[in-house]
Each structure stands twice: as C-alpha cells, then as structure tokens.
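S.K.: Could you have a look at this structure, given as structure tokens, before my questions?
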Amino acid sequence: MSNRCFITPIFALIIGTFIAPLRGLAEVQCPWLNSATAAGVLGGEVQANVTPLTPQGDTTCDFKRTEHSGVSSLTIAVHTMALPSKDFATYLARCTGTAVPLKAVGNEAIQCVQNNGGEEIIGRVRERAFVIDLKRSTAGQRSSTASGLGDEARNVAEQVAGALF
C-alpha cells in the first residue's frame, strides 16, 4: 500500500507537467470565422483577438496580419439591436463611402466602398446587425470586382450572415 501512495503524487506531477503547457495553446475562437480562413483572406498568418461573448451572442473578432509594408486587418462585429427597424439606421450611417445594396447577404446588406481601398459590409439578420471591415496594407491589396467589393469580403459576409440565420 505504501507504493500506491508514492505513485499517485508522482503520476499527478508527471501529468501536470505535460498538460499545463497545453492550456496556453488554446486558440481564441471567433464564432463567425476561424483564424485559418482569416489568414486566407489577409494573405498570411494572423493574430486573432475576440471580445468575450455577451449573453445575446454579441462579439467582435479582430484579425491582424503584420507585414513589413504595413498591417492588414479584418474585423467582424455582431450586435443585437433592441429595435431593428430603428437601430439599424445607426449602423448604415457608419458608411463613409459609396453605399451599394448587396443582394443575398442577410437583410438590407450594403457594401461600402471607401476611397482608401478599404471594404466594409454592413447588414443584418433579423435583430442582429453585423459589420465587416476589411483593410489591407498597400502591398497586400488585391483587385476588387467591378462593383468595388472583393470576393473575400463578400465570402466573409455570406459566412457571417449564414451563421446568424
């Protein structure tokens, strides 16, 4: 019996030595997009930062890729609106560029083409507003479609809207 008492603390120490470092390896999880997909959009490895999820499921996910020529970023913000018919107008007012209606992406989605090359999509699904903001460093900019919206931004918007349905 004395061997069993000796083995248990040693076993616990060995297990703790191997498991403790693994706790620091957990990836920050964005409910709308994973880091691998964000890396594909931004063209390389990204750093992810996610605000804690609210009880309503609201959060903001920030993905950044730092390059020698600058920083590229993708931000996805989802918020629950108390009065969607009234509150959504404040989200639409964020568009400082040309607002173009975007079909088949949530409800009332618009693309906001900005003069600085940034791309923004603002939309809603029922009572939840979403804002997708994509900015690329000058070296990381890809060509946009004829409508001014890159395929990557639209694909992200479709994924977020689909998750909200």
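A short reminder: the numbers here are calculations on the coordinates, not readings from a lab. From a predicted model like this one, the values you see are computed outputs, not experimental measurements. FYI the Cβ positions are ideal-geometry reconstructions off the backbone, even for glycines, and counts take in every protein chain you see.
Here's the yes/no breakdown for (1) surrounded by 15 or more Cβ atoms within 10 Å (Cβ to Cβ); (2) in a loop (DSSP other than H, G, I, E, B); (3) at positive phi; (4) not aromatic (Phe, Trp, Tyr):
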residue	(1), (2), (3), (4)
Ala38	yes, no, no, yes
Asn49	no, no, no, yes
Lys64	yes, no, no, yes
Thr75	yes, no, no, yes
Phe88	yes, no, no, no
Cys95	yes, yes, no, yes
Glu108	yes, no, yes, yes
Cys112	yes, no, no, yes
Ala129	yes, no, no, yes
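S.K.: Let me ask another. Hey, can you tell me all the residues within the stretch 51-62 that are surrounded by 15 or more Cβ atoms within 10 Å (Cβ to Cβ) and over 19 Å from Val125 (Cβ atoms)?
M.R.: Result: Asp62, single match.
S.K.: Continuing with the same structure: Kindly evaluate Ser85 against the criterion of being touching a residue at least 24 places away in the same chain (Cβ under 8 Å) and of a type in the set (Gly, Ala, Ser).
M.R.: Values: touching a residue at least 24 places away in the same chain (Cβ under 8 Å): no; of a type in the set (Gly, Ala, Ser): yes.
For Ser85, the condition - touching a residue at least 24 places away in the same chain (Cβ under 8 Å) and of a type in the set (Gly, Ala, Ser) - is not met.
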